[in-house]
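The values are calculated or read from the model by the stated rules, or taken from the named source; none is laboratory data. What you are looking at is a predicted structure, and each value in this text was computed from that prediction instead of being measured. Please note: Cβ atoms are built from the backbone with ideal geometry, for glycine as well, and neighbour counts cover all protein chains shown.
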């Protein structure tokens, strides 16, 4: 039985048969990570999963499981390209920090001074507020933080959102908001002196040799990208995601787990930004009251990254789209990058992969 027919009939017995390991013998006994992934694929009917796990800068596991395309029965590999949606925000925050380091602006400047033409009521909003989702600005998303948007172009989105009142005073509270990362994209374009995608490609992708990592949504032809699916009425159906160019600071990167790991490893080990900048980027945000942003037990938000401490393990990273996530466990120097072409609780799956990795002997 093929994986696609197995999934459509609700049976999971074929999942393990289609497991592919990059650089490993597919006939080798399943290890702890394999078992975690196979269980998730069965539970959530995921067509494929790809991952890379590294410890202390060395890859300890990279593998791909299942099919990148059910229709074409295309096996997934660690070079299969997946959209990473909101995990793009970690790359955008890195681009912003590069410009801050170059003295183009500071995290405490007013965005109305940095981006002329914005409402005077936005005067107190700073790049730090945008990065940490504490701006209090109205959202360009029709449903806060999510698709669809209130307009199809940047000009229309700006016209509509600038006509709205502030949701709260700058720094008063945390609210996930796509307006923030549209404005950060505009900052990168103005002070990086080139289109956002060109800046990110030239400063973050090309130095690391990321040739398959590109921007685009479901309307774009992205070479090597997996077909995306979601469960609807008990069956897997094609899934569409739309991120116009003006919100690609919030979402829009497509990459393979091999290339994403290369980026995340360089980021985590201070090869893109110095450690002092990372400590700022990774720090839990503070509100104007002095209280730390809290999104739940031991969970906060930094500059484009979730900041968490679970079971004593400090970590930073971001997830996106219900299908992709990366997490760097700081004290253990453990990095997990994972993507699927289905929908799952991506953060929880990364946690389980990390826990499995802790039980495996070092190579």
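Remarks
- Any chance residue 322 is under 22 Å from residue 226 (Cβ atoms) and in a loop (DSSP other than H, G, I, E, B): yes
- Test: residue 137 is assigned to a loop (DSSP other than H, G, I, E, B), within 27 Å of residue 241 (Cβ to Cβ) and in contact with a helix residue (DSSP H, G or I) (Cβ under 6 Å, 6 or more places away or on another chain): yes
- Residue satisfying all of: in the range 111-131; within 27 Å of the chain's Cα centre (by Cα) and in a loop (DSSP other than H, G, I, E, B); surrounded by the fewest Cβ atoms within 10 Å (Cβ to Cβ) among these: 115
- Test: residue in the range 155-177 that is at positive phi and either assigned to a helix (DSSP H, G or I) or surrounded by fewer than 23 Cβ atoms within 10 Å (Cβ to Cβ) (or both): yes
- One residue from 72, 103 being part of a loop (DSSP other than H, G, I, E, B) and not assigned by TED's automatic domain parsing to the domain that holds residue 344: 103
- The test for being closer than 18 Å to residue 341 by Cβ, modelled with pLDDT under 95 and either in the same structural domain as residue 347 (by TED's automatic domain parsing) or crowded, with 17+ Cβ neighbours inside 10 Å (or both) does not hold for residue 51.
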